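Throughout, read-outs are computed from the coordinates displayed, never taken from laboratory work. The structure presented is a predicted model; accordingly, all values stated were derived computationally and were not measured. Because the Cβ atoms are built from the backbone with ideal geometry, glycine has one as well, and the counts that use them run over all protein chains shown.
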Amino acid sequence: MNENNFAGIALEEAYRWFEILNKKYYQNKLDYPVITIQKSPRGKTMGWFTIDRVWTPKEEQNKDEKSKYEICLCGEFLNDDIHEVIGILHHEMVHYANKVNNIKDCNNQIHNKQFKNLAESVNLIVEKSKKYGFGHTTCSPELIKFIDETIKPSESCFEYFRNVPKKESKETKKTQFTYQCPECKEKIKAKADKIIICGNCSDIDSDNIIEFEIQE
């Protein structure tokens, strides 16, 4: 493989992980998916598994049989600890295994107990949150040991990750300010550079004009 094909080198390594995890935890029952590296939606999604076979061959013969699911590793998280990158793949393989066994383990982004049960049985630690249900997973000590002793990941294959510079926030000029009468403490809101006279305290006939003062 071309040494400059950094994404391809990373994906080759990810396929090797898939083979080992499939044999160890899924009895080699998971057909090869298409593994991809893509942009993380909103910068928070670490990976995904498609519930449909979204990769379809061009030839019509046996089209449905040859179509493949997709597992994505989001490029922004390839800089994480290598165990956690493998953990992302393993998490998506749990979804894959449940799918082929006709088990619904997720409602939108809410992971249910069906996901939790299988994830824990394959040595993932599962934590619950309001937004994702049982969707937060990390590697257990047993899984880390298996990764180190059996998978032996090549971190050099992940020389690059997708680094998106944060946009500088533009300073917005304040257009409305609070003004207060120094006498009666009445407050109003108005645009800057306005001269506002307090109708309660000012006496036009005696030139006793009370102006509102701007408050920060």
Computed label-point distance, nm, for sites K131 and N200 using a 7 Å Cα→Cβ extension
4.5
With r as the distance between the Cβ atoms of S154 and N2 and R0 = 25 Å, compute the FRET efficiency 1/(1 + (r/R0)^6) and round to 0.05.
0.90
Using alpha carbons only, how many degrees (0 to 90, rounded to 10) separate the axis of helix 82-100 from the longest principal axis of the chain?
70
Cα axis of helix 6-25 to longest principal axis of the chain: angle in degrees, 0 to 90, nearest 10?
60
With point charges of +1 on the Cβ of Lys and Arg and -1 on the Cβ of Asp and Glu, referenced to the Cα centre of the chain, which listed residue (F161, F115, F77) lies farthest in the positive direction of the dipole?
F115
With the cut-off at 25 Å, report for the chain the share of all Cα pairs above it, as a whole percent.
55
Amide H neighbours of V34 under 5 Å, at least 5 residues apart or on other chains, H built in the peptide plane: list them.
Y69, E70, I71
Going through the cross-link list K68/K152; K44/K113; K130/K189; K44/K191; K58/K131, which pairs have a Cα-Cα distance over 32 Å in this structure?
K130/K189; K44/K191; K58/K131
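Determine the calculated [θ] at 222 nm for the chain from helices alone, applying -39500 (n - 2.57) to every DSSP H run no shorter than 4 residues and normalising by the residue count; nearest 500 deg cm²/dmol.
-8500 deg cm²/dmol
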Where both partners of a DSSP beta bridge lie in region 35-192, what percent of those bridges are antiparallel, to the nearest 5?
75
